[in-house]
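S.K.: One structure, pasted below without further comment.
Laboratory data are not the source of any read-out in this text; all were calculated from the coordinates shown. Remember, predicted model here, so these are calculated numbers, not experimental data. Please note: Cβ atoms are built from the backbone with ideal geometry, for glycine as well, and neighbour counts cover all protein chains shown.
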Amino acid sequence: MDSVDSREEEAPLVAAGEPLINHARDAHILSFAFLFIFSAYGAAQNLESTVNTGTYLTSAARSHAKDCHLHEGTVIGNFNGEFWGMFASTQVIGNLLTLVLLKNGKEGESISGTTLLFTVFLGSMILGTILMCFLHKRDGNGDLQKQSASFSSSVGSLLMSVISPLCDKKMLLIIPLLAYSGLQQAFVWAEFTKHVITPALGASGVGGAMAVYGAADAICSLVAGRFTSGLSSITLIVSGGAFLQMLVLLWLLLKYSLTSGILGYVYPLLMSVIWGVGDGVFNTQINAILGMLFRRNTEAAFAQLKVWQSATTAVVFFISPLITMHAMLLVMVVGLCISMAGFLILILHVEKAFSSGS
């Protein structure tokens, strides 16, 4: 798979004498912008459960790889590692701000400090939005043509972008993994904090536990991004992340019970760390593999990612009041098994196609 890119002809992106665009700068700005914006969003999302950029990053990675004569898969992995590392850091920063600024969070007592907290969140969002203004514009002519198109043409293009990938066998095989990535995130927000963290640490401990989760997520995203170079590395990393999350699911399903003493605090925090590592793996590797396998239809591929993530997230929040924690855990186990089966079949399919074509 790694030799496919080397066989493609690389046309020069800039004329002689023109300054070279720093694509890595765009990745840095985009990552920090989301760090500031979602530091507010992530923490507010966690509190609610308890009481991509699309293709821009992939485009920047491809351009940077061509301009600097680097391996494309490695650059995509590095850019995604930085972005999702920053994104996961929002859990740490936002929840720590909540712990520091909110007072008297016990049940039955009024909460003070909310005005200051959301003022800080507002400033964070404004700063992130301002950073977005410094990004380089990409595909400007294409965007202008799309904007001037008729409404019916735009609707038709939108429908085709949603439907056409479903005719691709590779997309059909990876859809279960896309769906599970949303499922496992929603599980943390809706079920894990409610049935595991809150009984053990109390509502006031949710912020701390999610900060630990976010820290593990951020570190794993950065590390996984650095080790991403092709399908072989992606397969190993995804399998490792799936194994870790399966351990947590089986632990909760078969052996975990609320205990007193120091272990009552350690176990939920340990689960948070392990689950955060798995989330970091899925975020970086899914985005990397979509960028590698769907070069000619990247926007539609990332649109499918958001569609399935959003759908499974919505399903979890709709059904969580109707089913028990035990039933939800069974759904998670089945979903993880199906998604990994589809992913491994996809890898074998791609490797077989590459071998027959070489």
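S.K.: What does the highest-first list of 219-227, 272-280 look like by mean Cβ count within 10 Å?
M.R.: Listed from highest to lowest mean packing, they are 272-280, 219-227.
S.K.: Hey, what do the phi angles of region 328-337 turn into as Karplus ³J(HN,Hα) couplings, whole Hz, using 6.51/-1.76/1.60 and θ = phi - 60°, x for Gly and Pro?
M.R.: Computed from phi, the couplings for region 328-337 are 5, 5, 5, 4, 5, 4, 5, x, 5, 5 Hz.
S.K.: Stretch Ser239-Ile338 to full length: gain in nm at 0.36 nm per residue minus the Cα-Cα span?
M.R.: Numbers: separation 99, 0.36 × 99 = 35.64 nm, distance 1.29 nm.
Difference between extended and current length: 34.3 nm.
S.K.: Moving on. Quick one: 3J(HN,Hα) in Hz for region 338-346, Karplus 6.51/-1.76/1.60 with θ = phi - 60°, rounded, Gly and Pro as x.
M.R.: Residue by residue, region 338-346 yields 5, 5, 6, 4, x, 5, 5, 5, 4 Hz.
S.K.: So how do 258-271, 294-307, 198-211, 177-190 stack up, highest first, on mean other-Cβ count within 10 Å?
M.R.: Ranked from most to least packed, the peptides come out as 177-190, 198-211, 294-307, 258-271.
S.K.: May I pose another question? Can you put Thr284, Thr58, Thr235 in order, fewest other beta carbons within 10 Å first?
M.R.: By the 10 Å Cβ count, ascending, the order reads Thr235, Thr58, Thr284.
S.K.: With labels modelled as points extended 7 Å from the Cα through the Cβ direction, what inter-label distance (nm, one decimal) is found for Phe134 paired with Ile323?
M.R.: In this crude spin-label approximation the distance works out to 4.6 nm.
S.K.: Let me ask another. Please rank Asp168, Asp26, fewest neighbouring Cβ atoms within 10 Å first, as an exposure proxy. If you can, show how the numbers build up before the last one.
M.R.: Working: Asp168 16, Asp26 22.
By the 10 Å Cβ count, ascending, the order reads Asp168, Asp26.
S.K.: Along the Cα→Cβ direction, 7 angstrom out, place labels at Leu70 and Leu116. What is the inter-label distance in nm?
M.R.: For the pair Leu70/Leu116, the computed spacing is 4.2 nm.
S.K.: From the cross-link list Lys169/Lys255; Lys66/Lys137; Lys66/Lys170; Lys137/Lys352; Lys255/Lys306; Lys169/Lys194, which pairs have alpha carbons spaced over 29 Å apart?
M.R.: Flagged as over cut-off: Lys169/Lys255; Lys137/Lys352; Lys255/Lys306; Lys169/Lys194.
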